[in-house]
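> Structure incoming, see below.
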Amino acid sequence: MAAPDPRPLLPEDARALLLERLSPLPAETLALSSGLAGRVVATDVHAAHDLPPFDNSAMDGYAVRAADTGGELPLAGQSFAGDDPARLEPHTAMAIATGAPLPAGADSVVPIEVARVHGDRVSFDGPVEAGDHVRPRGTDVPAGAVVISAGNTLRPLALAAIATSGVAEVSCHRPPRVCVIVTGDELVPPGEPLLYGQIHESNSILIAARCEQAGALVTSVERVRDDAEATREALGHALEDADVVVTSGGVSVGTRDHVKPSLAALGVEQLFWRLAVQPGRPTWCGLRDGRVVVGLPGNPLSVLVGLELLLLPALRRLAGAADPGPATFRLPLTTPLRKDPQRLRVRPVRFAAGGAEPLGADLSHQLGRAAIADALALVPIGDGELAAGTPVELIGL
């Protein structure tokens, strides 16, 4: 196999290179009640019956034959949800509740608001047309039709639609298992006192939370000192347990950067190293036996950029998503953003009345300024700047 191109890759090229090497994880059939929200459908789900399964009323009112409604009609029975009403005889009306079955022989429903009840008889204001306020059987989803197709994510509304169409189990792709490894002698767990030169470690929190938000299972989080043997041992264990290994820090070429040589020693094939993006340039990616390794830089905003542009699409592909993203949308900038002639610039923004407001987090360590970000703005490669009012491509956070 040809050696990886040493030049920094555009993020979209790097993402395509990784995604073409990945396939969805195996499927498993699970009950709707087993917490499937966020899982991806592996095979099309077909309705077990018509939806709705019978003609029913869209209003509280009276079931009638439209042709019979010129004068007063005697009342004959009633239909509520769950009933199996008797047939409606000609020249009669039946009280009916919203959602209740339409009795055989009826072809329309007259709302209660335009009905005039006179003892045991009823009349109606205005004309009545056949089909008025009736929900015909199968007009939402006919029996056998696809309720949700393979590759779509099971959100609560989709789960409800599957349930009401009579299906109790769904085939879903297994979610990817993720191991997170952060490296650095300077890192201290949150809450512990800091010595001079130390910082509280936050990247594992960011990585794990974003992976879980994307539907992955984070099976372990480990902090490793800047030691070659410890780094290699941690990576070796992770590669045995996970579908995806994510590292933070130690991925550059300094004397204490041990991630890349450790991965090489463990037989991980390098796909690329370095992206034409700012922040996040020293991002590494490789594969071993179908397992993905993504080596992210140590600065928090560089980590966030690597997550959104590379790692999360890979997780979605493994989870079976038909479109792994990232999904983007556009809003106008409230203030200008400078372009870079060689790299995609990615900047945190928040939503404001005028559109997308940059938060001034221009350096890769400025996590505090980015804490309230709603999205990342993708500033295209070029000269000059994107002026205020210019629509910018955004990735929601």
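> Considering only protein heavy atoms and a 1.4 Å probe, what is the carbon-and-sulfur percentage of the accessible area of the chain? Each step should come with its number before you reach the end.
Values: 9740 of 18590 Å².
The nonpolar share, carbon plus sulfur, comes to 52 percent.
> Here's something else I'd like to know. Over segment 320-397, what is the mean sequence separation of C-alpha contacts under 8 Å (at least six apart), divided by residue count, expressed as relative contact order in percent?
43
> Could you state the number of Å between the C-alpha centres of segment 1-69 and segment 115-138?
39
> Calculate, for segment 195-327, the solvent-accessible area per residue in square angstrom, rolling a 1.4 angstrom probe over the heavy atoms of the protein chains.
About 39 Å² of surface per residue is accessible.
> Tilt of helix 228-241 relative to the longest C-alpha principal axis of the chain, in degrees (0 to 90, nearest 10)?
Helix 228-241 sits roughly 20 degrees off the main axis of the chain.
> Work out the charge dipole of segment 92-234 with +1 on the Cβ of Lys and Arg and -1 on the Cβ of Asp and Glu about the Cα centre, then indicate which of L187, V128, L154 is farthest towards its positive end.
Highest projection toward the positive end goes to V128.
> May I pose another question? Under 5 Å between amide hydrogens, which residues at least 5 positions from E201 or on another chain qualify, with H placed 1.01 Å from N in the peptide plane?
V188
> Right, another one. Taking the mean number of other Cβ atoms within 10 Å as a proxy for protection, how do you rank 140-146, 122-128 from highest to lowest?
Sorting 140-146, 122-128 by mean packing, highest first, produces 122-128, 140-146.
> Build a GNM of the chain with springs between Cα atoms under 10 Å: which of A230, A76, A375 gets the top mean-square fluctuation?
Greatest mean-square fluctuation among the candidates belongs to A76.
> Another one. Can you match Rg/Rh (Cα atoms, Kirkwood Rh) to one of these, [x] 0.96; [y] 1.07; [z] 1.19, based on a calculation from the structure here?
[z]
> Give me the dipole magnitude in Debye, nearest 20, for segment 209-283 about the Cα centre, with unit charges on the beta carbon: positive for Lys and Arg, negative for Asp and Glu.
Rounded to the nearest 20 debye, it is 420 debye.
> Test of understanding: in a Gaussian network model of the chain with alpha carbons linked when under 10 Å, which of P176, P193, P341 would top the mean-square fluctuation ranking?
Of the options given, P193 has the highest mean-square fluctuation.
> Continuing with the same structure: Among L307, L30, C211, which residue has its Cα positioned farthest towards the positive end of the charge dipole of the chain, with +1 placed on the Cβ of Lys and Arg, -1 on the Cβ of Asp and Glu, and the dipole taken about the Cα centre?
It is L307, whose Cα lies furthest towards the positive end.
> If you don't mind, there's one more thing I want to ask. Defining a contact as two alpha carbons under 8 Å apart and six or more residues distant in sequence, what relative contact order in percent does the chain show?
17
> Ok, one more. Dipole magnitude of segment 280-388 about its Cα centre, charges +1 at Lys/Arg Cβ and -1 at Asp/Glu Cβ only, in debye to the nearest 20?
200
> Hey, another quick one. Roughly how big is the chain's charge dipole about its Cα centre, with Cβ charges of +1 (Lys, Arg) and -1 (Asp, Glu), in debye to the nearest 20?
Dipole of the chain, to the nearest 20 debye: 1300 debye.
> Before I look further, what does segment 112-186 give for accessible area per residue, probe 1.4 Å, in whole square angstrom?
With all protein chains present, segment 112-186 gives 52 Å² per residue.
> Moving on. To the nearest 0.05, how large is the calculated FRET efficiency for D140 and Y196 if R₀ is 45 Å and r is the Cβ-Cβ distance?
Using R0 = 45 Å, I get an efficiency of 0.10.
> Taking the DSSP beta bridges in the chain as the whole, what percent of them are antiparallel, to the nearest 5? Mind showing how you got there, number by number?
Details: 54 of 80 bridges.
Around 70 percent antiparallel, to the nearest 5.
> Where does the chain land at 222 nm, in deg cm²/dmol rounded to the nearest 500, when only DSSP H runs of n ≥ 4 count, each adding -39500 (n - 2.57), divided by all residues?
The helix-only estimate for the chain comes to -4500 deg cm²/dmol at 222 nm.
> Moving on to the next point. Name the residues whose placed amide hydrogens come within less than 5 Å of the amide hydrogen of L344, ignoring near sequence neighbours (fewer than 5 apart) on the same chain.
Those lying under 5 Å, H to H, from L344 are V277, Q278.
> Could you work out the relative contact order of segment 249-381, using alpha carbon pairs under 8 angstrom and six or more residues apart, expressed as a whole percent?
It rounds to 20 percent for segment 249-381.
> I'd like the Karplus ³J(HN,Hα) series for segment 296-309: coefficients 6.51, -1.76, 1.60, θ = phi - 60°, whole numbers in Hz, and an x wherever there's a Gly or Pro.
Per residue, the Karplus-derived 3J(HN,Hα) values read 9, x, x, 6, x, 5, 5, 4, 4, 5, x, 4, 6, 8 Hz.
> Still on this structure, please answer the following. Among P101, A115, P90, whose Cα sits farthest toward the positive end of the charge dipole of segment 89-129 (+1 at Cβ of Lys/Arg, -1 at Cβ of Asp/Glu, about the Cα centre)?
Of the options given, the answer is A115.
The values are calculated or read from the model by the stated rules, or taken from the named source; none is laboratory data. Treat the numbers as computed from the prediction; the structure is a model and nothing was measured. Glycine also receives a Cβ, built like all others from the backbone with ideal geometry; neighbour counts cover every protein chain displayed. Quick note on the areas: whole protein, heavy atoms, side chains included, nothing else; ligands and nucleic acids left out. Shrake-Rupley method; radii C 1.70, N 1.55, O 1.52, S 1.80 Å.
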